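Report on one structure; see the data block that follows.
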Amino acid sequence: MTEADTKPGCSHPVRHRERVRPARYSGPGSARAARLVGDARHWGSRLPPVVRDSLLPTLLLVNVMTTRLPQELAVAVALTAALALPLVWRRRAPLTVFGVVAAVAFVQWLMDVQLLADIALLVALHTVAANSGRRGTLVAGAIVEAGVLLACLRWAAEGAFPTTFVAATAMVVAAAVLGVNVRTKGVHLAALEERAARLEHEQEQQARLAVAEERARITRELHDIVTHNLSVMVALTDAAVYAQHRSPDKATTVMLQISETGRQALTDMRRSLGVLRTDEPDAERHPLPGIAQLQALADQMCVAGLPTRLDVEGGYTHIPATAQLTAYRLVQEALTNTLKHTPPGTRAEVRVLCSATTVTVDVTDSGPCPALPGATPFGHGIPGMRERAAAYGGKLRAGPLPGGGWGVHTCLDLSSSGEVSA
């Protein structure tokens, strides 16, 4: 310790102690204080708003009752209660509460009574700024600033008016700015909540549309698979029954074809439903049918009793699998309708024209037309075909031909986004 440190009148010890204080208060004690403040905020946030808003008036009343002289107690308590108690309802009616507090503060100024409860003006201003618009905040701030000027003119110490006025004005500005920040944050949070709710609603709508689209796709697939294979099996069964006595060998061949058709139907159904099960391997073992399988389809129809001629023009290796599946299903449904609704002896022709950007499908038959012009006696088949064609930007034309018979025509646009719903 130096000599200067030991002299009673020396100022060095005071400066030395001031330099040491920050280090002493930045240790574990300050950390404990921060934890206490955090715990107090957490505990306070769990209280009802009315209880939280009642804490400050209660503290102000306790303060005035414990610090005032008995002869000043009645007036001080009355003014403190008039200033602080309206704060309990400040969230419900911020402008009204501010007006009451400002009026009481003016009465207090007229009575020349200084109170700690004047802080209620800052709290009321903060509430107005947090819940009202810019105009209300400016008016309330101007009123409080006028009160600050009056208070400083009457109660500021001699020579301390500028410092006191600037300090009080800074408190007014801080209260208003904090309130505006709270309001801005609330508006931002409300906008985020609205956007989140809107996005959630849109996601739900998209999910419902996706489910509906997937249900429609599975329905079309099952309709085409079941209708086609059952129609072929029925036709083959009739042929087997007819030939079992006259030509047993032919009947045996037809029965084997029925069995093969049934197995193919089961395979197609497993493949179509495999997307709904993660443990279903058939969808990977059996590729989707496409243009390459049209010849097997035509042969199957020939065996079932519908002579079918197939003509595929152009290369199709560049065509997406879903587009090929669409073309296959269109041909399959058209031939199935012909097999079901035309008499024996009807012949069918299939023409598929493949190009770089389109796939044109034409299926015609020589059977008689429906009794009513434009009628579609094929249940859900033609609507399903229209949906498949529309997925690739095509329009399906199905109807009687000028020279007799029935025709189905469509042109698939490969540039369309129909791979999902095909």
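Flag not set for Ala323, criterion: in a loop (DSSP other than H, G, I, E, B) and modelled with pLDDT of 85 or more.
The number of residues in the stretch 157-211 that are over 26 Å from Thr137 (Cβ atoms) and either touching a strand residue (DSSP E or B) at 6+ places or on another chain (Cβ under 7 Å) or of a type in the set (Gly, Ala, Ser) (or both) comes to 7.
Of everything in the stretch 105-117 that is surrounded by fewer than 22 Cβ atoms within 10 Å (Cβ to Cβ) and part of a helix (DSSP H, G or I), the residue that is modelled with the lowest pLDDT is Leu116.
Conditions (1) polar (S, T, N, Q); (2) assigned to a helix (DSSP H, G or I); (3) crowded, with 17+ Cβ neighbours inside 10 Å; (4) more than 45 Å from the chain's Cα centre (by Cα), marked per residue:
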residue: Arg329; (1), (2), (3), (4): no, yes, yes, no
residue: Ala334; (1), (2), (3), (4): no, yes, yes, no
residue: Pro344; (1), (2), (3), (4): no, no, no, yes
residue: Leu353; (1), (2), (3), (4): no, no, no, no
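Among the residues of the stretch 74-84, those identified as within 21 Å of Val144 (Cβ to Cβ) and buried (at least 20 other Cβ atoms within 10 Å of the Cβ) are Leu79, Thr80, Leu83, Ala84. Do we find that Val88 is free of Cβ contacts under 8 Å to residues at least 40 places away in the same chain, among the aliphatic types (A, V, I, L, M) and under 28 Å from Ala142 (Cα atoms) in this structure? In short, yes. Consider only pairs whose beta carbons are under 9 Å apart and that are at least six residues apart or on different chains; among these, list those whose first residue lies in the stretch 55-69 and is touching a residue at least 40 places away in the same chain (Cβ under 8 Å) and whose second residue is surrounded by 11 or more Cβ atoms within 10 Å (Cβ to Cβ) and outside any helix (DSSP H, G or I). The qualifying pairs are Leu60/Leu115; Val64/Leu115.
For the residues Ala124, Ala151, the requirement of being more than 28 Å from Val51 (Cα to Cα) and part of a helix (DSSP H, G or I) singles out Ala151.
Taking the criterion of being within 19 Å of Ala105 (Cα to Cα), surrounded by 15 or more Cβ atoms within 10 Å (Cβ to Cβ) and of a type outside the set (Phe, Trp, Tyr), the residues of the stretch 148-179 that qualify are Val148, Ala151, Cys152, Ala156, Thr164, Ala168, Thr169, Met171, Val172, Ala175, Ala176. Return yes when Gly186 is farther than 18 Å from Ala117 by Cα, in a helix (DSSP H, G or I) and under 32 Å from the mean Cα position of the chain (by Cα) and no when it is not. The answer is yes for Gly186.
Taking the numbered list (1) surrounded by 22 or more Cβ atoms within 10 Å (Cβ to Cβ); (2) at pLDDT below 85; (3) in contact with a Ser or Thr (Cβ under 6 Å, 6 or more places away or on another chain) in turn, Gly381 passes all entries but (3).
The values are calculated or read from the model by the stated rules, or taken from the named source; none is laboratory data. Predicted model, so just to flag it, every value in this text is computed and none were measured. FYI the Cβ positions are ideal-geometry reconstructions off the backbone, even for glycines, and counts take in every protein chain you see.
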